[in-house]
Amino acid sequence: MQTLQIQKALKQNGFDPGPLDGVRGASTVAAIMAYQRANGLVVDGVVGPATAARLFDSKPPADVSSLPGQALPWMIGAEDLLGVKEDTSDADNPLIMGWAKTLKISYANDETAWCGLFVAHCIGTNLPNEPRPNSPLSARAWLKFGKATSAQFGAVIVFWRGSPGGWQGHVGFYVGEDDKAYHVLGGNQSNRVSVARMPKGRFLGARWPSQVADPKAGPRWLDAQGALSHNEA
């Protein structure tokens, strides 16, 4: 709902955000930045308090101005995609395939592991100047992304799969944790974008975008609901 309201306000102000679909895609980010540039605001693609006040004529809807995640645009983009799933027939989900096409990543079909593609899309769309790993489809390649951080909201978090010393892995975004698991918003989790509980024993590292100020939130404790994930392929 928050992104849809922003899209409507941009459209009303003469800035085309693309389809009014509630998805924070490249066109919406470009429209936000164009609006900010035209209004003498900091051009960062984030609808923070200053941009929201101008865009909504000093009266932003409560669920826009109070949204904590507005400071983390890649998390807004990730949350907008919850529920997107791969096509389990012989066809492919054109949305997932479109992420690869936009980022110019060679990607055969949505039967190929796409957790890294999901993270690349969320980062690439919402932080277009942030360098991404050379092999973004490889989950473990994200261990070289940005800078090291602790596991906290919005961090890119990487896990081993198969064996700790192998090449397989899984990557997503930290949303919280309990005593046994990290809660991860990621793609290719039960063939869809979802939040899954990843065992802490499989944790390899957490990373933060190099062009974003260091986070200070710390752990976010959540109830241990749902089974642990053991294989995200």
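The values are calculated or read from the model by the stated rules, or taken from the named source; none is laboratory data. Everything quoted here is computed from the prediction, not taken from an experiment. So basically every Cβ, Gly included, is an ideal-geometry build from the backbone, and we count neighbours across all protein chains shown. What goes into the accessible areas is simple: the full protein's heavy atoms, side chains included, and nothing from ligands, DNA or RNA. Shrake-Rupley method; radii C 1.70, N 1.55, O 1.52, S 1.80 Å.
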Checklist line | Average Cα contact separation per residue, the range 170-233, under 8 Å, 6 or more apart, as relative contact order % | finding: 37
Item checked: Heavy atoms of Ser89 accessible to a 1.4 Å probe, total area in Å² rounded to 10 -> 70
Notebook entry, point to check: If you find the alpha carbon centre of the range 161-233 and of the range 91-160, how far apart are they in angstrom?
Noted result: 14
Notebook entry, point to check: Using a basic spin-label model with each label point 7 Å from the Cα along Cα→Cβ, how many nm lie between Asp178 and Arg192?
Noted result: 2.0
Margin query: Restricting to DSSP H runs of at least four residues, report the calculated mean residue ellipticity at 222 nm for the chain, -39500 (n - 2.57) per run over all residues, nearest 500 deg cm²/dmol.
Written below: -8000 deg cm²/dmol
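Could you order Arg161, Arg220, Arg37 by accessible surface area, starting with the largest, using a probe radius of 1.4 Å? Please report the intermediate quantities before stating the final value.
Working: Arg161 35, Arg220 105, Arg37 150 Å².
Result, largest first: Arg37, Arg220, Arg161.
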Notebook entry, point to check: Which net charge results for the neighbourhood of Ile96, defined as the other residues with beta-carbon distances under 12 angstrom from its beta-carbon, given Lys and Arg at +1 and Asp and Glu at -1?
Noted result: -2
Next item on the list: Tabulate in residue order the Karplus-calculated ³J(HN,Hα) for the range 153-161, using 6.51 cos²θ - 1.76 cosθ + 1.60 with θ = phi - 60°, rounded to whole Hz; enter x for Gly and Pro.
Entry: 3, x, 5, 6, 10, 10, 10, 7, 9
Notebook entry, point to check: Can you give the accessible area per residue of the chain, in Å², using a 1.4 Å probe?
Noted result: 48
Next item on the list: With label points built 7 Å along Cα→Cβ from the Cα atoms of Asp223 and Leu95, find their separation and express it in nm.
Entry: 2.7
Check: Considering the dipole of the chain built from charges on the beta carbon (Lys and Arg +1, Asp and Glu -1) around the Cα centre, which of Gln189, Ala91, Ser135 is farthest to its positive end?
Finding: Ser135
Notebook entry, point to check: If the chain between Val43 and Lys8 were fully stretched, how many nm would it gain, using 0.36 nm times the residue separation less the Cα-Cα distance?
Noted result: 10.7 nm
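Rank these by accessible area, largest first, 1.4 Å probe: Met97, Met198.
The ordering from most to least exposed comes out as Met97, Met198.
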Margin query: Please list, in order along the range 166-173, the HN-Hα scalar couplings obtained from phi with the Karplus expression 6.51 cos²θ - 1.76 cosθ + 1.60 (θ = phi - 60°), rounded to whole Hz, x for Gly and Pro.
Written below: x, 9, 7, x, 9, 9, x, 10
Notebook entry, point to check: Tell me, what is the FRET efficiency for Thr88 and Asp214 to the nearest 0.05, using R0 = 45 angstrom and their Cβ-Cβ distance as r?
Noted result: 0.65
Next item on the list: Report the full-extension gain for the segment Leu20 to Glu111: residue separation times 0.36 nm, less the Cα-Cα distance, to one decimal in nm.
Entry: 29.8 nm
Note to self: If I compute solvent accessible area with a 1.4 Å probe over the protein chains, what percent of it on the chain is carbon and sulfur?
What the structure shows: 52
